[in-house]
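These notes concern the structure reproduced below.
Computed from the coordinates by the stated procedures, all read-outs in this text should not be read as laboratory data. Keep in mind the model is a prediction, meaning the values are calculated, not measured. Here Cβ is always computed from backbone atoms with ideal geometry, including for glycine, and neighbour counts include all displayed protein chains.
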Amino acid sequence: MTWPENSPAYKVSADTSQFKYSCWYGSRSAIRIARIVKESFELGLENIRWFVMGDDDTVFFTDNLVTVLAKYNHNEMYYIGGNSESVEQDVLHSYSMAYGGGGFALSYPLAAELVRVLDGCIDRYDKFYGSDQKVQGCLSEIGVPVTKELGFHQMDIRGSPLWFASGHPVAPLVSLHHFDYMEPMFPNLTRIDSVRKLVVSVSWGYTVQLYPSLVTAKMLDTALETFHTWKSWKLGPYTFNTRSVSPDPCKRPLVYFLDRVESVDGDETLTVYKRYVEKGEKDCPQRDYIPALEVQFFNVSASSFNPNLWNKAPRRQCCEIVNGGEVKSVAQIKVRGCNRFEHATPVKKVETL
């Protein structure tokens, strides 16, 4: 089979049969993957600032990756990535490691140091399971710790990632992983089509949730637990807070998924979200819930996001309902920067965690 001309260039990894590997539950492919940094460095390419590693099922959001790396001086030695979300995985492997599925970045000067010791490390750490462990073992000998960024996601969870993705921290989403082991991120789409749509929706917002009752910002920041841990399929523990999903439909939000994106007046966008009702899902019968059930669409308008805002102190953006008391089937929402002294403090009694 001929390699298509319009496909990215590829390189066959070197023979690794001479290296030791003694992890009984792992695969020798970890050696080959660990050496990709070394083999890439030895290509001698010019004007390289960063080497970014990921698995074959890692999805990178390139613009956000560039935004994150631009914060750091590439002339210094940096090792950037994130941990697993599942505590049992971090305990088993390491809290000091950037997980390979979530991806990690090495600055050029650090890569130059790493390639000098990598092959020896691979043999010294022959009992380590993964390529990311072997690389981190070498970096610990160099003395460079991992710099953790909240946007790198190993995604060591199983089940529905809906609430994990919806409750993302105030940071650029850099990567996701393990799509083959999770339910599709969008209803009625395949995993592949969900990824394609997600690439668009990450820029504009993944979902809208409508809570008919007042809830605290703290509750909204806490992910609903629609997933399980990677290894044991248990409900936690995770490296982030979660809250259980109530069986009472009156205590669950209505969910609206991204339907389409439109450009408005050049520097503004309009994103349309459509309500999704899961098969067999029951509506809340309470009378004060009826107005919420009438809302079928959210139209969300916003100015084009300035990535330079990520270089400032992090803060959520604010929003307001434009059509106020006229909301029926369509709610009009405007997203904007928060004003001074503006906050999301409820004015009535609210539900708490």
Among the Cys residues of the chain, which have no other cysteine Cβ under 4.7 angstrom away?
C23, C319
For helix 131-142, report the angle its Cα long axis makes with the longest principal axis of the Cα atoms of the chain; keep it between 0 and 90° and round to the nearest 10°.
70
Along the Cα→Cβ direction, 7 angstrom out, place labels at N308 and L210. What is the inter-label distance in nm?
3.8
Calculate log10 I(q)/I(0) of segment 1-141 for q = 0.09, 0.10, 0.13 Å⁻¹, where I(q) comes from the Debye formula with a single equal point scatterer on each Cα and nothing for solvent.
-0.28, -0.35, -0.60
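Give the residue list of GluC sites (Glu not before Pro) in segment 32-90 that are DSSP loop and have at most 15 other beta-carbon atoms within 10 angstrom.
Details: sites: E39, E42, E46, E76, E85, E88; in loops: E42, E46, E76, E85.
Within segment 32-90, the qualifying GluC sites (Glu not before Pro) (loop, at most 15 other Cβ atoms within 10 Å) are E42, E46, E76.
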The answer for the per residue Cα convex hull volume of the chain, in Å³, is 183
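Can you give me the Rg/Rh ratio for segment 28-70, using Cα atoms for both radii and the Kirkwood formula for Rh?
Rounded to two decimals, Rg over Rh is 1.01.
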With a ≥ b ≥ c taken as the square roots of the eigenvalues of the C-alpha gyration tensor of segment 17-90, please select rounded if a/c is under 1.5 and otherwise prolate if a/b is larger than b/c or oblate if it is not?
oblate
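Which FRET efficiency value, to the nearest 0.05, do you get for S29 and Y72 by plugging their Cβ-Cβ distance into 1/(1 + (r/R0)^6) with R0 = 41 Å? Spell out each step's value before the answer.
Working: r = 30 Å, r/R0 = 0.73.
That gives a FRET efficiency of 0.85.
For segment 238-286, which trypsin sites (Lys or Arg not before Pro) are in a loop by DSSP, counting at most 16 other Cβ atoms within 10 Å? Mind dumping the intermediate values first?
Working: sites: R243, K251, R260, K274, R275, K279, K282; in loops: K279, K282.
Here the sparse-neighbourhood loop sites are K279, K282.
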GluC sites (Glu not before Pro) in segment 215-308 lying in a DSSP loop, each with at most 15 other Cβ atoms within 10 Å of its Cβ, come to E278, E281
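Rounded to the nearest 20 Debye, what is the dipole magnitude of the chain about its Cα centre when Lys and Arg each give +1 and Asp and Glu each give -1 at the C-beta?
Numbers: 38 positive and 41 negative charges, 157 e Å.
Here the size comes out at about 760 debye.
Pairs to check: K251/K279; K251/K282; K127/K231; K20/K231; K218/K328; K251/K274. Give those whose C-alpha atoms are more than 22 Å from each other in this structure.
Details: K251/K279 18 Å; K251/K282 12 Å; K127/K231 20 Å; K20/K231 26 Å; K218/K328 28 Å; K251/K274 20 Å.
In this structure, K20/K231; K218/K328 exceed 22 Å between Cα atoms.
What is the percent of Cα-Cα separations in segment 211-331 that go past 17 Å? Don't skip to the end; give the middle numbers.
Details: 5114 of 7260 pairs.
Everything past 17 Å amounts to 70 percent.
Short version: what are the Cα gyration tensor semi-axes of segment 146-298, square root of 5 times each eigenvalue, largest first, in whole Å? Don't jump to the answer; show the numbers that get you there.
Numbers: eigenvalues 120, 95, 49 Å².
Values for segment 146-298, descending: 25, 22, 16 Å.
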Quick check: the distance between the Cα centres of segment 249-266 and segment 117-142, to the nearest angstrom?
45
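In the chain, what % of DSSP beta bridges are antiparallel (nearest 5)? Intermediate results must be reported in sequence, preceding the final value.
Numbers: 35 of 47 bridges.
About 75 percent, rounded to the nearest 5.
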Pairing the Cα long axis of helix 108-124 with the longest principal axis of the chain, what angle in degrees results, from 0 to 90 and rounded to the nearest 10?
70
In nanometres, what is the gap between the two model label sites at D57 and R315, each 7 Å from Cα along Cα-to-Cβ?
4.1
Cα-projected label distance for V330 with E278, points at 7 Å along beta-carbon direction, nm
2.9
Roughly what angle does helix 191-204 make with the longest principal axis of the chain, taking Cα atoms, 0 to 90 degrees, to the nearest 10?
70
